[in-house]
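Structure first, commentary second.
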There are 2 protein chains.
Amino acid sequence: MTDLWTITEDAFEAAKQHHQETIFTLGNGYLSTRGAFEEGRPGDRRTTFIHGVFDAAPIVFTELANAPDWLPFTVHLNGERFSLDAGVVESFTRALDLRTGTLSRAVRWRSPAGLAATIAFERFASLADPHLLFIRCKVRPEFAGFVEFRASLNGNADNEGLAHWHRVGQGAEARPDARSATAYLHCRTRRSRIGWAGAMRLVGVAGRRLSAAWWDAENTPTLTLKMKAAPGRTLIVDKRVAVFTSRDLPEDQIVQAAMDRVNSVTDWPAALKDHAEAWAKEWERTDVVIEGDDEAQIAIRFNLFQMLIAAPRHDDRVSIGAKTLSGFGYRGHAFWDTEVFMLPLFTYTAPHIARNLLNYRYRNLPGARAKAKANGVEGAQFPWESADTGEEVTPTWLPHFADRAKLVRIWTGDIEIHISADVAYAAYQYWRLTGDDEWFIEKGAELVLDTAKFWGARAEWNAEAGRYEYNDVIGPDEYHEHVDNNAYTNCMAQWNLQTALDTLEWLRGRAPTKAAELAEELSLTPSALARWREVIEKVHLHVEPSGLIEQFEGYFQRKDVDLAVLEPRTRSAQEIFGIEGCNETQALKQPDVLMLQYLLRDYYSDEAVRVNYDYYNPRTDHTYGSSLGPSIMAIMACDVGQPDHAYEHFIRAVRADLRDVRGNAGDGIHAASAGGTWQAVVFGFGGLRISPEGWRANPRLPKHWKRLAFKFFHRGRLQEVDVK
Amino acid sequence: MTDLWTITEDAFEAAKQHHQETIFTLGNGYLSTRGAFEEGRPGDRRTTFIHGVFDAAPIVFTELANAPDWLPFTVHLNGERFSLDAGVVESFTRALDLRTGTLSRAVRWRSPAGLAATIAFERFASLADPHLLFIRCKVRPEFAGFVEFRASLNGNADNEGLAHWHRVGQGAEARPDARSATAYLHCRTRRSRIGWAGAMRLVGVAGRRLSAAWWDAENTPTLTLKMKAAPGRTLIVDKRVAVFTSRDLPEDQIVQAAMDRVNSVTDWPAALKDHAEAWAKEWERTDVVIEGDDEAQIAIRFNLFQMLIAAPRHDDRVSIGAKTLSGFGYRGHAFWDTEVFMLPLFTYTAPHIARNLLNYRYRNLPGARAKAKANGVEGAQFPWESADTGEEVTPTWLPHFADRAKLVRIWTGDIEIHISADVAYAAYQYWRLTGDDEWFIEKGAELVLDTAKFWGARAEWNAEAGRYEYNDVIGPDEYHEHVDNNAYTNCMAQWNLQTALDTLEWLRGRAPTKAAELAEELSLTPSALARWREVIEKVHLHVEPSGLIEQFEGYFQRKDVDLAVLEPRTRSAQEIFGIEGCNETQALKQPDVLMLQYLLRDYYSDEAVRVNYDYYNPRTDHTYGSSLGPSIMAIMACDVGQPDHAYEHFIRAVRADLRDVRGNAGDGIHAASAGGTWQAVVFGFGGLRISPEGWRANPRLPKHWKRLAFKFFHRGRLQEVDVK
């Protein structure tokens, strides 16, 4: 592989259809479209998800609504429709150019009647103007006759069978200066009533036009263009689409906005140039260079690309879901994955994006307060799964896979409470790194203070033991439910409370009016703060004399199992032992204590890290446990001086989607893993550490790496690390 | 109202849209199509349900899949699309001709640009050839220019948002002998993989044709016809559609079958004549004549019409759902409603249809056996809700309407067990009335015997009380769940066991080989039969010395409530008292004991009927309880000599859908109520009674009725009752 910027495919394998659709997803931070084929294929999952366009759905409460489909573009050779499932596919190549965010495909096809042609598609979702989408189709016929091109907007999109849209209207306008019409479609989500408008043009670029038509077909407006075919003479036709929603503009303006925008396009080269220039700027600050390891080089770029296409640049009302915008998995809901696994990439390389993501949480404080209140506590309790309003949208029950009359209770929405500290942590880290005092005063401080208020209220006093406890929780390690005093949760709560006290003190000096306002609004009375101090001092944590931290109360009494003897395996420890059985062992989906030590590294000595690493590493289900684990394990392995073990974890993480190592990449990108790979490189191999005095890098490269280079912003200035 | 065969509407009211769609449903026993408009309207529930075309769905397991839409037919006046929501509707009439099963609509419309025209549609689903569907559009323009007609088949149908279909293929063929193409669409259900093919022609009948086109739009093949418009010159265009599914033919033949069938149509007059003749034959044996009460006359015809369009004439693999094929309610599932409320109409007037419906249960014996086995008992336990396979498809849980995190457990599928006796009862009645020994030997006897086996196994011996019991059940009265020894259930079980013994004895004489076969297959050993006899003898029933039967054990100790003091009301007793609260009262959704006495009338003296009527009648929620109740109450009121009280119940039943008295007619026809109205007329007012000696009628007409006439088959011969 000499081109280290391209993901390629040399043959189409139907069995990998959904996986490859995920891999070849394009996006621009406004929307993403999976790599389904323009002409369609049975069973394809052709989705376009637009940030924030949610609609109600049974069981999962709300989900990103698969938007009306802008892709349909079919080619007909003397009346025979091109399809991978008819005739003979004589060659097939597909390539995703990560540098410019363009997807191309070329197929040499022989029709059932024997006509041959090379049919190529190229598409991009403009990063320069995220409302614009482009597809170019080139056909090189080897026969004489005609080729017909048909392009549609299709309002009949659904989410695995659930229809979210109603048609509102459609039509077409002839442009005075053009020979072809501009068609539009206007739809609306059924329950959330979000308007969507798409406008489309079909433009012949090369070839002799025979005729054109406009089909006003219900909910599928279609433009057709018939061109003369002669052997060896390439025909080129462009489909241009513009999309707006009522989240962008008042709904009565979106049709006109889409029409105007698509009519404003001059030509493909100009649009592509703008797009490529926008991508060049992204890579300028985001790219990571790895020499001596081509697979790692291209894979890290792929993971960064997935983060960049999902990142909201112009909208601070949305987050990034656990599967980005690339598949149906987790329904577009956002988890702690965003704050802990993805956000550092943006905090360090694109603070404006990180700020948007944090503002999403700030805007959703009312939902978090409502959740706390409903649970009988105070402050801000962020939902475990979050969509458009900040309400909890974790499914409460899911049907049992084996017995349709049974339901499985999902507890994470009730008791996986650490997310509130994770959000506060992310806000605080953003501020410490960027020095964005204005934002912290206006918004960040409130996130830190109100989550602290939750922790103050949620702590239970155990009079007998003389300590504060957080009981009946789930830590990041979801193999163990309903545990008491989870080390990660308790220590992060403690950190959150202490940081809130520090924040309040800082605010009183720096922005006393705001400090007074917040103290008033959040009822931060002296007695409330006194309770925080007491919880900080007396929150329970069991630490062995060696420095070994017990993951939760009673963990050391659970059955110890040797995961190594299960190898080789293709199932998780939980599947092997069963949900209940696994809960009784020390097997971990991911190691909470190491996660904690990673986030609060300065609180632990090197020796304390080593002791815990040695204990928890062999008890962790690295292969089929949490996909969030490997990149953090890579960092901790570097920390204890084992960069080659670290590399095993790292390569597992960067391959997660490219090689579909868990068999579910078809549901969408493992976004936390993708974001984590950047942390593994920068904080693990690169050894970057930030302190109040500045930053330093203590590189610990895998043996075969010849160079590692990356950039990041520190207090507004771009820094560069280049280790050779 | 002088025409006693027509349901009319003089203005369109958007608020009644769904109700009127139900009322104006057409069908032919193969499929039914709701009265949605050809041109569409926002929020319409445009459904076509085809018998047996089920597809899997969450929560409800399976549902009738709303079939690809054959209705779309739009009219464009000089380019302006006709719609009730644009321009001015200057007049509107709609009429359903019950005698011929045709629906017509005429609208005088002024377009937004001021063009006026009278636009009329007429449609029917051929009863002569149930695969054929027809729409005629007549436009009388008051302007010059052109009128465009567009007709589509639309594969993008869904069930309230759930998409059940995938497109398989589409296309068009030019007919050598015609100027217009025949278009087709081929779809398949997503999970059950049932193929559907529709073929369509668009035929200009009157007017000068300007152009025609075929739009190969994805999943919405469309034919268009543009005609010259001149003031006062009526244009006529016919849309003809043929539909087949892979339940009719192998899937690789259905497209061609649909094409051939639609191409075989000669013209509208011939097709309409065949259709009307088929309807005349139906009415010849089914019509009920009431003189002196126009409302009752037309309403009874409406209810009979609804039964006739839902009745499977050519298929014995399907039943009639609780909402026929006319709406989303109950998802097409069949209940005891079919056997107890609808079947008598067919047993008496159309035995061939009754036999089809009973064969459906016979075919589903394997499912009923599996259900019994899963519950640890033997024999045939029919599902409370039944679809295509006879498996139980009652939802186990439904989301709570007020708290999304809560689920309500639905128990009817577990413990409303009386349905097994109801099926046996229907089979036995069919045999007694028709004398169809061949069917009873081949199929009916097994239904009776295997359900008896279930009752033998389900009975519990209470040693202390020295009796057999059926505990933890729900009777027809669903206001009371988890009751013991429900009188209806226990007595019907007793009847079923005794009838099985009688059946076996009869079989041994009449068909000894079959008797031996069944005894072997069903393990009807002497000891098994001895247990049946013991259960018959010792099954518990509490009867007061007066003859008053206790509905279930402890019912008389429940709180007595005076429903009369709640009047006037618009909610059910259950809504007023709450689910738990109502359960603690004696308020009834429907009166089980009266239902029992109706079915097993010969077992009870007139005095016993009167005592129970007097007790249970005032305790029954006639207005908002079960829609199944009123027609049976009408019969029992006649029985105790109160025909005018009977009339109150009867008129409530016949109005159920026409006047939407419960506010939910939009979900579909109340089929049990519709079937029950025929019983109220024939067995109530007509006083028909069958005995081994023959039949007699003891008419008890309401005072204002001047004549009542009806027909029925008795042992293969058509009988006529005409009371003046």
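Within the set of other residues whose C-beta is less than 10 Å from the C-beta of B:Val288, count the net charge using Lys and Arg as +1 and Asp and Glu as -1.
Net local charge, B:Val288 excluded: +1.
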Task: For the range A:7-283: lysine pairs under 16 Å (alpha-carbon distance), excluding those fewer than 8 apart on one chain - done: 5
- [ ] Quick one: give the max-minus-min coordinate of the C-alpha atoms of the range A:533-599 along each principal axis, largest first, in Å.
- [x] 47, 24, 21
Task: Reachable lysines, given that their alpha-carbon falls under 18 Å from the alpha-carbon of A:Lys371 and they are not under 8 places away in the same chain - done: A:Lys453, B:Lys406
Open item on the list: Please list, by residue number, every one of the GluC sites (Glu not before Pro) in the range B:318-401 that is coil in DSSP and has at most 12 other beta-carbon atoms within 10 Å.
Closed with: none
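For every helix of n ≥ 4 consecutive DSSP H residues, a contribution of -39,500 (n - 2.57) applies; sum these over chain B, divide by its total residues, and give [θ] at 222 nm rounded to the nearest 500 deg cm²/dmol. Write down the numbers at each step before the final one.
On the way: 20 runs with 232 residues, N = 724.
After summing the helix terms and dividing by the residues of chain B, the value is -10000 deg cm²/dmol.
At most 11 other Cβ atoms within 10 Å and a DSSP loop assignment: could you name the GluC sites (Glu not before Pro) in the range B:463-525 that fit?
Passing sites in the range B:463-525 are B:Glu464.
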Task: Cut-off 9 Å between beta-carbons: net charge of the residues surrounding A:Thr47, Lys and Arg +1, Asp and Glu -1 - done: +1
- [ ] Identify, among A:Thr245, B:Leu64, B:Gln429, the residue whose Cα sits farthest towards the positive end of the charge dipole of the protein assembly as shown, taking +1 on the Cβ of Lys and Arg and -1 on the Cβ of Asp and Glu, with the dipole about the Cα centre.
- [x] A:Thr245
- [ ] Sketch the reach of a paramagnetic label on A:Asp3 as a point 7 Å from Cα along Cα-to-Cβ, and name the residues of the range A:69-111 whose backbone nitrogen lies under 17 Å away.
- [x] A:92-108
Task: Gap separating the Cα centres of the range B:571-636 and the range A:122-153, nearest whole Å - done: 69
TODO: Among A:Phe650, A:Tyr616, A:Gln590, flag the residue with its Cα farthest along the positive direction of the charge dipole of the range A:543-673, charges on Cβ as +1 for Lys/Arg and -1 for Asp/Glu.
DONE: A:Phe650
Task: Radius of gyration, Dmax [the range B:7-283; alpha carbons; angstrom] - done: 18.1, 55
Open item on the list: What are the ³J(HN,Hα) couplings of the range A:551-560, residue after residue, when phi is run through the Karplus curve with 6.51, -1.76, 1.60 and θ = phi - 60°? Round to Hz, x for glycine and proline.
Closed with: 4, 7, 4, x, 4, 5, 8, 6, 5, 7
- [ ] Would you please give the residues with an amide H less than 5 Å from that of A:Leu628, counting only those at least 5 places away or on a separate chain, with H modeled from the backbone geometry?
- [x] none
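At 0.36 nm per residue, and after removing the present C-alpha to C-alpha distance, how many nm does the segment from B:Asp606 to B:Thr389 gain when stretched out fully? Show your work: numbers first, answer last.
Details: separation 217, 0.36 × 217 = 78.12 nm, distance 4.18 nm.
Full extension of this stretch gives 73.9 nm more.
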TODO: Compute the label zone of A:Glu90 within the range A:212-248: residues whose backbone N is under 14 Å from the point 7 Å along Cα-to-Cβ.
DONE: A:231-233
Open item on the list: I need the fraction of alpha carbon pairs in chain A separated by more than 34 Å, rounded to a whole percent.
Closed with: 49
Task: Shape of the range A:1-150, Cα gyration tensor, a/c cut at 1.5 - done: prolate
TODO: Would you mind classifying the range B:231-348 by shape? Square roots of the alpha carbon gyration tensor eigenvalues, ordered a ≥ b ≥ c; an a/c under 1.5 is rounded, otherwise it is prolate if a/b is larger than b/c and oblate if not.
DONE: oblate
Task: Given charges at beta-carbon only (K, R positive; D, E negative), |dipole| of the range B:7-283 in Debye - done: 600
TODO: Between copies, how far apart are the A:Lys406 label points? List them in nm, one decimal, shortest first, with each point 7 Å from Cα toward Cβ, please?
DONE: 2.5
Open item on the list: Can you work out the Karplus-derived ³J(HN,Hα) for every residue in the range A:595-611? Use 6.51 cos²θ - 1.76 cosθ + 1.60 with θ = phi - 60°, whole Hz, and x for glycine or proline.
Closed with: 4, 4, 5, 5, 6, 10, 4, 5, 7, 10, 6, 4, 5, 4, 5, 5, 4
Open item on the list: Placing unit charges on C-beta atoms (Lys and Arg positive, Asp and Glu negative, everything else neutral), compute the dipole magnitude of chain B about its Cα centre in debye, rounded to 20.
Closed with: 2660
TODO: Tell me, rounded to the nearest percent, the portion of alpha carbon pairs in the range B:434-585 spaced more than 26 Å apart.
DONE: 43
- [ ] Scan around A:Ala217 for amide H atoms under 5 Å from its own, H built in the peptide plane at 1.01 Å from N, and keep only partners 5 or more places away or cross-chain.
- [x] A:Thr222
Task: Ellipsoid semi-axes in whole angstrom, largest first, where each is sqrt(5λ) of the Cα gyration tensor of the range A:300-366 - done: 17, 15, 10
- [ ] Please turn the phi angles of the range A:9-23 into ³J(HN,Hα) values with the Karplus equation 6.51 cos²θ - 1.76 cosθ + 1.60 (θ = phi - 60°), one per residue in order, whole Hz, x for glycine and proline.
- [x] 9, 10, 8, 8, 10, 4, 5, 9, 3, 5, 4, 5, 4, 5, 4
TODO: Output, in nm with one decimal and in ascending order, the distances from the B:Ala280 label point to the matching label points of the other copies (7 Å from Cα along Cα-to-Cβ).
DONE: 8.4
Task: Relative contact order %, the range B:9-141, counting alpha carbon pairs below 8 Å whose residues are six or more apart - done: 20
Task: Low-density loop cleavage sites - GluC sites (Glu not before Pro) in the range B:128-235, where at most 13 other Cβ are within 10 Å (DSSP) - done: B:Glu160
Task: Length added when fully stretched, A:His714-A:Arg432, from 0.36 nm per residue minus Cα-Cα - done: 100.6 nm
Open item on the list: If you average the alpha carbon positions of the range B:199-228 and of the range B:410-474, how far apart do those two centres end up, in angstrom?
Closed with: 56
TODO: Place the label 7 angstrom along Cα→C-beta at B:Ala463 and in each other copy, then list the distances from the first to the rest in nm, shortest first.
DONE: 5.2
Open item on the list: How tilted is helix A:268-286 with respect to the longest principal axis of chain A? Cα atoms for both, answer in degrees (0 to 90, nearest 10).
Closed with: 20
- [ ] Pop a pseudo-label 7 angstrom from the Cα along the beta-carbon direction at both A:Asn698 and B:Ala14 and give the gap in nm to one decimal.
- [x] 7.0
Task: Sequence-distant residues sharing a close amide H with A:Arg467 (under 5 Å, placed H) - done: A:Asn462
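Can you sort B:Ile353, B:Ile415, B:Ile50 so the residue with the fewest Cβ neighbours within 10 Å comes first? Provide the component values of the computation, followed by the final result.
On the way: B:Ile353 23, B:Ile415 20, B:Ile50 27.
Going from sparsest to densest Cβ surroundings: B:Ile415, B:Ile353, B:Ile50.
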TODO: Please give, to one decimal in nm, the separation of the simple spin-label points placed at B:Thr118 and B:Glu575, each 7 Å out from Cα toward the Cβ.
DONE: 4.3
Task: In nm, spacing of pseudo-spin labels at B:His400 and B:Asp644 (7 Å Cα→C-beta vector) - done: 4.8
- [ ] Work from the charge dipole of the range B:584-677 (Cβ charges, +1 for Lys and Arg, -1 for Asp and Glu, about the Cα centre) and give the residue of B:Val661, B:Pro630, B:Thr677 farthest towards its positive end.
- [x] B:Val661
Open item on the list: Given axes a ≥ b ≥ c from the Cα gyration tensor, I'd like to know whether the protein assembly as shown is rounded (a/c under 1.5), prolate (a/b larger than b/c) or oblate.
Closed with: oblate
Task: Radius of gyration, Dmax [the range A:639-724; alpha carbons; angstrom] - done: 14.6, 45
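Here, each number is a calculation from the coordinates, and none is a lab measurement. Worth saying up front: this structure is predicted, and the values here are computed from it rather than measured. Neighbour counts run over all protein chains shown; Cβ positions are idealised from the backbone, glycine included.
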